[in-house]
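First up is the structure itself, then whatever we jot down about it.
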């Protein structure tokens with residue numbers, strides 16, 4: 001017969017938040033039919049935990065891909081990637097500067113020639129003898145309207161002015177206007193050659209206005225007008241327009 005001292009002591013379960021005196025864990029009931037799994041010693045990683053120096057689960061080690069393809073090191077493009085070549089897809093490389101087309105060079109020389117002929121016409125007027133020039137002016141005025149010419153002559157004589165006294169001033173004005181016209185032609189020609197769209201538009205307006213001077217113009221004046229108009233037409237052709245557009249975009253020489 002056993003005594004109360006011989007009764008085995010059942011260890012009391014620790015309360016929540018308390019630890020066992022020896023640092024152990026309370027025994028958990030085990031199912032006798034459940035498979036037993038070995039427990040890793042204290043300080044060793046359990047099954048499924050990454051080893052020191054190894055990447056986490058599901059990630060591949062450095063330089064390896066989880067799908068069997070090698071990965072590029074950090075900072076390098078991925079495997080199979082090709083960088084775009086210069087000029088590919090419209091970017092990535094410096095564009096070749098557009099050369100000035102021959103149409104624009106021809107337009108430059110034609111407009112410059114028109115300016116040179118304008119200067120020549122002024123010098124020709126200045127070198128014509130005064131009596132010859134007076135006869136040309138009076139003949140032109142009489143041919144247009146004889147009555148108007150007679151009335152104008154009477155008014156000039158009443159004011160003490162004659163056509164003969166105005167010949168010198170007429171020659172001077174002819175030279176001055178010829179120099180101004182030649183300079184304007186040259187200015188437009190040089191700026192058009194450099195790819196200025198504003199100069200091309202200005203030259204177009206002046207060329208259109210000069211067409212009205214073809215009616216009854218002398219051969220020298222007609223040649224000036226034709227050369228200027230031809231130069232403006234060449235400046236509006238597609239090669240010239242492409243060069244002017246490239247010049248505006250900074251892609252032309």
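The values are calculated or read from the model by the stated rules, or taken from the named source; none is laboratory data. Just so you know, these numbers come straight off a predicted model, no measurement behind them. Here the Cβ positions follow ideal geometry from the backbone for every residue, glycine too, while neighbour counts run over all protein chains shown.
Miscellaneous remarks
- Scanning segment 234-253 for residues that are surrounded by fewer than 16 Cβ atoms within 10 Å (Cβ to Cβ), in a helix (DSSP H, G or I) and touching a helix residue (DSSP H, G or I) at 6+ places or on another chain (Cβ under 8 Å) returns 239, 248.
- Top-ranked residue in segment 181-191 [being over 26 Å from residue 128 (Cα atoms) and in contact (Cβ under 8 Å) with a residue 12 or more places away in the chain; ranked as surrounded by the most Cβ atoms within 10 Å (Cβ to Cβ)]: 188
- Residue 164 meets the conditions (1) at pLDDT 90 or above; (2) touching a helix residue (DSSP H, G or I) at 6+ places or on another chain (Cβ under 8 Å) in every case but one. The failed one is (1).
- Just one of the listed residues (203, 250, 198, 216) is under 26 Å from the mean Cα position of the chain (by Cα) and farther than 21 Å from residue 113 by Cα, namely 250.
- Listed by first and then second residue, the pairs linking a residue in segment 131-142 that is surrounded by 11 or more Cβ atoms within 10 Å (Cβ to Cβ) to a residue that is modelled with pLDDT of 80 or more and in a helix (DSSP H, G or I), with Cβ atoms under 6 Å apart and 6 or more places separating them unless they lie on different chains, are 133/167; 134/167.
- Restricting segment 100-128 to residues that are modelled with pLDDT of 90 or more and not in a helix (DSSP H, G or I), the residue that is surrounded by the most Cβ atoms within 10 Å (Cβ to Cβ): 100
- Some residue of segment 139-150 being at pLDDT below 90 and outside any helix (DSSP H, G or I): yes
- Within segment 192-232, the set of residues being closer than 25 Å to residue 98 by Cβ and in contact (Cβ under 8 Å) with a residue 40 or more places away in the chain comprises 192, 193, 194, 195, 196, 197, 200, 203, 230, 231, 232.
- Whether a residue is within 30 Å of residue 111 (Cα to Cα) and either in contact with a helix residue (DSSP H, G or I) (Cβ under 9 Å, 6 or more places away or on another chain) or surrounded by fewer than 17 Cβ atoms within 10 Å (Cβ to Cβ) (or both) was assessed, and residue 206 passes this test.
- Among the conditions (1) surrounded by 11 or more Cβ atoms within 10 Å (Cβ to Cβ); (2) under 26 Å from residue 102 (Cα atoms), residue 170 misses just one, which is (2).
- Taken across segment 160-180, residues that are in contact (Cβ under 8 Å) with a residue 60 or more places away in the chain and in a helix (DSSP H, G or I) do occur, with at least one present.
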